[in-house]
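The values are calculated or read from the model by the stated rules, or taken from the named source; none is laboratory data. Just so you know, these numbers come straight off a predicted model, no measurement behind them. Every residue, glycine among them, receives a Cβ derived from its backbone with ideal geometry; neighbour counts consider all protein chains shown. Note: areas computed on protein heavy atoms with side chains; ligands, DNA, RNA excluded. Shrake-Rupley method; radii C 1.70, N 1.55, O 1.52, S 1.80 Å.
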Amino acid sequence: MKLFGTGGTIASRLDYRTGAVIPAFSPGELYGAVPELADICNLTTEKVFAVFSENMGPQQYIQLARAIGEEIENGIQGIIIGHGTDTLHHTASALTFMVQNPPVPIVLVGSQRSSDRPSSDAALNLIHSAYTAGHSDIAEVMVCMFGPTSDEYGFLHRGTRVRKMHSSYRSTFRTIGDVPLATVTRDKVSPIKQNYKPRRQDRQVKILPYFEEKVTILYYYPNMQPDIIDALVDRGYKGIVIAGTGLGHVNKPVYPALRRAVEKGVHIYMTVQTLWGYVHMFVYDTGRDLMDLGMIPAENMLPEVAYIKLGWALGQTYDREEVKKLMLTPINDEITEKEPYNGYLVYQGGVPEVEEFIRKHHK
Ligand code: ASP
């Protein structure tokens, strides 16, 4: 098994003089700090980067994808990637697109609190991820992080449906638009979703390390001005993902700029700011007008995932139909047929069921 270190809080310690979190631990030291890992699997470690995750980007995704491909060819049985939590979900979706059909688990893991603090989630997340990489039957790109309220179990989230949802809680990662892939304890992975891709013994994996960097994401806000879009076109941007309001809308004054962008060959995909649910552009005239302008609805793909996928697709081709086919053909559930009714559960205090749940779990 291989642990790749990229940095983040999981590979950091607190400087007690200044209170700052500093990247310090090497993957090897981390291994030393959590000796339990040795009982779970036989790990080798490699520091690929030492950055906080806001500094990860396409070049790093490509380097990681290639390194993973080599490890798989050489016979590795599972891969763990230590990573900052802030952009863990971007990297997870990039690797889903760049490393296709892996025969073994590829598990991204981070921590919200540095390893030397009593409340750190680093050790438990590492133990869970090591167990997953070493023993799970799920051969997908996953995010392994702290469970919902306690340290009884962790969650495995599918790399394309996960998002960081709280700036400081340890239980920050949520599967969006679905239920999580599985729960994991120190000695058991229990799938929740049954449609996972199982572990295989062959070494066939497709590495597609492409990315067009002239892609951006536009978060719509009321009174957005068309010059924003004009500026992107004039600067040579090839792709724009819009996170629109409601079912996927933007205001009328930007329509001419969008038309011009499409005419100039820019690929524009619509997603929703609500995160849950689908883009529906047939419901209102505004949606139909936008589609006439050439906007393509991205179904229930999360905005960040659509951004990563568009960069990846445009890294391969600028052909409109081919890009559309790549974008709208799901590789691992970035688009799903429906969102399960029990997926959308947002904790809201004051509701009797939730209060009961909290009483039980927070003694
Ligand atoms: N800023 C850090 C990062 O994403 C936070 C963390 O690791 O939790 O690298």
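Odds and ends about this structure:
- Axis angle, to the nearest 10 degrees, between helix 88-98 and the longest C-alpha principal axis of the chain: 70 degrees.
- Karplus-based coupling profile of segment 156-161, in residue order and whole Hz: 9, 10, 5, x, 9, 10, with θ = phi - 60° in 6.51 cos²θ - 1.76 cosθ + 1.60 and x standing for Gly or Pro.
- Built amide H within the under 5 Å cut-off of residue 13, gap 5+: 22, 24, 25
- According to the calculation over all Cα-Cα pairs in segment 161-283, the P(r) per 10 Å bin from zero is 10, 27, 28, 22, 11, 2 %.
- Straight-line cross-link partners of residue 238 among the lysines, defined as a Cα under 24 Å from its Cα and at least 8 positions apart when in the same chain: 214, 252, 264, 309, 324, 325.
- Between the amide H of residue 216 and those of 239, 240, 241, distances stay under 5 Å, these residues lying 5 or more places away or on another chain, with hydrogens modeled in the peptide plane.
- For the chain, the carbon plus sulfur part of the accessible surface works out to 51%, probe radius 1.4 Å.
- For segment 349-360, putting each phi into the Karplus relation 6.51 cos²θ - 1.76 cosθ + 1.60 with θ = phi - 60° gives couplings of x, x, 8, x, 4, 6, 4, 4, 4, 5, 4, 5 Hz, in residue order, rounded to whole numbers and with x for Gly and Pro.
- Residue-normalised accessible area of the chain, expressed per residue, 1.4 Å probe, Å²: 45
- At an R0 of 25 angstrom, the distance between the Cβ atoms of residue 282 and residue 342 translates into a FRET efficiency of 0.40.
- Each Lys and Arg Cβ is given +1 and each Asp and Glu Cβ -1; about its Cα centre, the chain then shows a dipole of about 80 debye.
- Cβ-placed point charges (K, R +1; D, E -1), dipole of segment 163-275 about Cα centre in debye, nearest 20: 660
- Annotation: amide H-H contacts under 5 Å for residue 162 (H modelled 1.01 Å from N, sequence separation of 5 or more, or interchain): 176.
- Inter-label distance for residue 234 and residue 264, nm, one decimal - labels placed 7 Å from Cα along Cα-to-Cβ: 0.8
- Derived scalar couplings ³J(HN,Hα) [segment 109-125; Karplus, 6.51 cos²θ - 1.76 cosθ + 1.60; whole Hz; x for Gly, Pro]: 9, x, 8, 7, 10, 5, 4, 8, 9, x, 8, 4, 9, 4, 4, 5, 4
- Coil-residue trypsin sites (Lys or Arg not before Pro) of segment 229-309, DSSP, other Cβ within 10 Å capped at 16: 235, 264
- In terms of its alpha-carbon gyration tensor, segment 2-142 comes out oblate; a/c meets the 1.5 threshold, while b/c is at least as large as a/b.
- Antiparallel bridges, percent of DSSP beta bridges restricted to the chain (to nearest 5): 40
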